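The values are calculated or read from the model by the stated rules, or taken from the named source; none is laboratory data. Values in this document were obtained by computation on a predicted structure and should not be read as measured data. Note that each Cβ is placed from the backbone with ideal geometry, even for glycine, and that neighbours are counted across all protein chains shown.
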């Protein structure tokens, strides 16, 4: 995902960051499932993503917390969407 660090804080607060991340994660999680692998735990994956994003910019502790929450929500939603696809009737 290309991160717009100039607008990261506003994207976190308006939900744009979460929406874009969720879309990309859904695609990636489908590929993981199709390869026969298990999806990572949401909290573990979210922590890794947030850490990577945080490396690229200086954020206040409050924004870092909000960023993690947005990442976690995106990961959980993408996991649920992909895992739910396996349960849909053919």
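Quick notes
Okay, residues lined up against (1) closer than 15 Å to residue 4 by Cα; (2) modelled with pLDDT under 95:
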site: 25; (1), (2): no, no
site: 28; (1), (2): no, no
site: 31; (1), (2): no, no
site: 38; (1), (2): no, yes
site: 54; (1), (2): yes, yes
site: 68; (1), (2): no, no
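- Of the residues 38, 20, the single one that is assigned to a helix (DSSP H, G or I) and farther than 14 Å from residue 69 by Cβ is 20.
- Here the condition is being in a loop (DSSP other than H, G, I, E, B) and surrounded by 14 or more Cβ atoms within 10 Å (Cβ to Cβ); of 72, 8, 59, 67, it holds for 59 alone.
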